[in-house]
There are 2 protein chains.
Amino acid sequence: MKNDFFERLFNFSPHAIVGEYPLNIKEYLNDMKTLVDGTLERYIPSINSYPPDIFNSIRYSLFAGGKRLRPILVMASAKTIGSKREEVLPFACAIEMIHTYTLIHDDLPALDNDDFRRGKPTNHKEFGEAIAILTGDALLTMAFEIMSDTRSMPHINPLLILRAINEVARGVGPSGTIGGQVVDIESTGKEVDIPTLEYIHTHKTGEMILAAVRGGAILSNCQEDELNALTRYGENIGLAFQIIDDILDVEGESEMMGKTSGSDERMKKVTYPSIFGIAESKKIASRLIDNSIKSLEMFGERAEVLKDISEYIIARRF
Amino acid sequence: MKNDFFERLFNFSPHAIVGEYPLNIKEYLNDMKTLVDGTLERYIPSINSYPPDIFNSIRYSLFAGGKRLRPILVMASAKTIGSKREEVLPFACAIEMIHTYTLIHDDLPALDNDDFRRGKPTNHKEFGEAIAILTGDALLTMAFEIMSDTRSMPHINPLLILRAINEVARGVGPSGTIGGQVVDIESTGKEVDIPTLEYIHTHKTGEMILAAVRGGAILSNCQEDELNALTRYGENIGLAFQIIDDILDVEGESEMMGKTSGSDERMKKVTYPSIFGIAESKKIASRLIDNSIKSLEMFGERAEVLKDISEYIIARRF
């Protein structure tokens, strides 16, 4: 099965369907989403694979209409350093699989107990808890399978691939994303101070965004100072992204969020809006976005896409 | 934190505490268990790390008294090809972390709903379901972090490391271990035919044992015919191991199993003993063990440890 699947992947030419930047950012994001969706489609064995339930469930959550921000960041970061998007596309898709796994596990009854995600019943509502747990496990595992496949990224030095895999694993592990999830669960319904709130955001959301940005750069054999600059970029947009997400939750743009608005308040989750209010939270987010753009200075025009993504995030389209 | 942790690891000399084979197999297994335990101890951040609950929980399950069969197989397989155990020790420890993650998730209420494991309350009984789910996730992720760390296995070609990581990810993914878990859950309480039972065993238990054996050989830069022979070895001991485990469950050696005997019958799980009876199941296991030993012929004395492990498995010590 695996061989077929890679053959299908390599017979597929991303060039055929997407144009080169500069387009306007909306067209770029749409094109990149199409590219990621098409590639993910080829990575996931068909629903005729055995056992069918797990592959149905993987497809259900992976193709639930995500905007593909994280894989797009991988490709935009690689472009900033000078690689082609196709070279890091497998890695970009793996990041989206890991992101999807965290959503499935986060939604479980034992964690956030969410019934809806992106406008559809959450995975455990559709497939039951056992399959939901195993689907998250499967997506995490398949991500590492794709990243470590020596045929996936043949133009990249294996040492750089190992370094990028390591970066991701560290970022989404117990000192990263999972640490954020733990503190988030343990803080729900309690008085939370600002350092704890920052810890939750920078770890639960921030570390994966950072791994996407840094991963794309590492695979592109970036210099140390370039990696430092992109790290500041990733840290700033990561926190901005979460704050904007929380503002959207309060302002009730449930259509855009795909979940019931006000869910943070119902869950008694502490957020930037709940501590600082909406107006101040928007100011903080703007400042973070400005900082993210400033951190790109050394790249000049090469960082045009990353800059546009920053501006798009604050315009609240993600 | 991570740097400290690797410094601690590299200041630790495995040579200081273990002798070279041949010892008798019991001493060898004890020594290897001590080596694996000591190395795992250095891989897991202390309970003073933040957030403490996740690291407490990781330690609770990882140091619950496992026999370390899978990491020992990695080292024994590497030895058969000609590498030193220290060279593959990080990979071996990662395999044990993955094994522990599968146990934690398998025990969850939504899956097997087990209260005891290795004579102690299961992870979710001790820490709650949310932490148990995240602890499994953390162990799986940390395993890939360790395997991909370019400082961990400096003498091994990065392409071989990628290939071994890929092997493990494929083995424990939805077409491997997770596939076995899915079919196992979906078969519980139903009439199951022999091909389905074989699918469950070869995937749920077999694939990880196979990944251990093959991974150790791949990291040691084995030849294709050596890998084929070791694959037959791993397939045979993997299935034998599961059948013997099921026989022990029926015969009620609960002290050795660390869980309540007869749990398969209570869960209405189909097993070799339930289909073929105890006597015939023992014959099948013996035949598999004989086949595993036959598959080692090409290695001569170099495979002495693997052969002794086979004989030890049938003597029901694991």
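Quick notes on this structure:
- Matching residues, segment B:173-186, being facing another protein chain (nearest Cβ under 7 Å), in contact with a Ser or Thr (Cβ under 8 Å, 6 or more places away or on another chain) and closer than 10 Å to B:K204 by Cβ: B:I178, B:Q181, B:V183
- Selection within segment B:158-178: residues that are aliphatic (A, V, I, L, M) and closer than 13 Å to A:M147 by Cβ. The member of this set that is surrounded by the most Cβ atoms within 10 Å (Cβ to Cβ) is B:V168.
- Within segment B:104-123, the set of residues being touching a Leu at 6+ places or on another chain (Cβ under 9 Å), within 16 Å of B:S57 (Cβ to Cβ) and within 11 Å of another protein chain (Cβ to nearest Cβ) comprises B:I104, B:H105.
- Number of the exception - B:L210 against (1) farther than 25 Å from A:P45 by Cα; (2) away from chain A (no Cβ under 14 Å): (1)
- Taking the criterion of being hydrophobic (A, V, I, L, M, F, W, C), facing chain A (nearest Cβ under 7 Å) and touching a residue at least 60 places away in the same chain (Cβ under 8 Å), the residues of segment B:132-160 that qualify are B:L134, B:A138, B:M142.
- Note on segment A:216-303: enclosed helices (runs of 4 or more DSSP H) holding 1 or more residues that are at pLDDT 95 or above are A:224-251, A:278-294.
- Selection of segment B:38-56 for residues being under 22 Å from A:T202 (Cβ atoms) and part of a helix (DSSP H, G or I) yields B:P52, B:D53, B:I54, B:F55.
- Within segment A:38-60, the set of residues being away from chain B (no Cβ under 12 Å), at pLDDT 95 or above and in contact with a Leu (Cβ under 7 Å, 6 or more places away or on another chain) comprises A:T39, A:L40.
- If you go through segment B:42-58 and keep only what is more than 17 Å from the chain's Cα centre (by Cα) and either buried (at least 17 other Cβ atoms within 10 Å of the Cβ) or in contact (Cβ under 8 Å) with a residue 12 or more places away in the chain (or both), you end up with B:R42, B:Y43, B:I44, B:P45, B:I47, B:S49, B:P51, B:D53, B:I54, B:F55, B:N56, B:S57.
- Only a single criterion out of (1) touching a residue at least 40 places away in the same chain (Cβ under 8 Å); (2) under 25 Å from A:L108 (Cβ atoms); (3) within 19 Å of the chain's Cα centre (by Cα) is not satisfied by A:I178, namely (1).
- Any hit, segment B:85-98, residues being of a type in the set (K, R), away from chain A (no Cβ under 13 Å) and surrounded by fewer than 19 Cβ atoms within 10 Å (Cβ to Cβ): no
The values are calculated or read from the model by the stated rules, or taken from the named source; none is laboratory data. Everything numeric here is computed off the predicted structure, so don't read it as measured data. Counting neighbours? That spans all protein chains shown, and the Cβs are built from the backbone with ideal geometry, glycine included.
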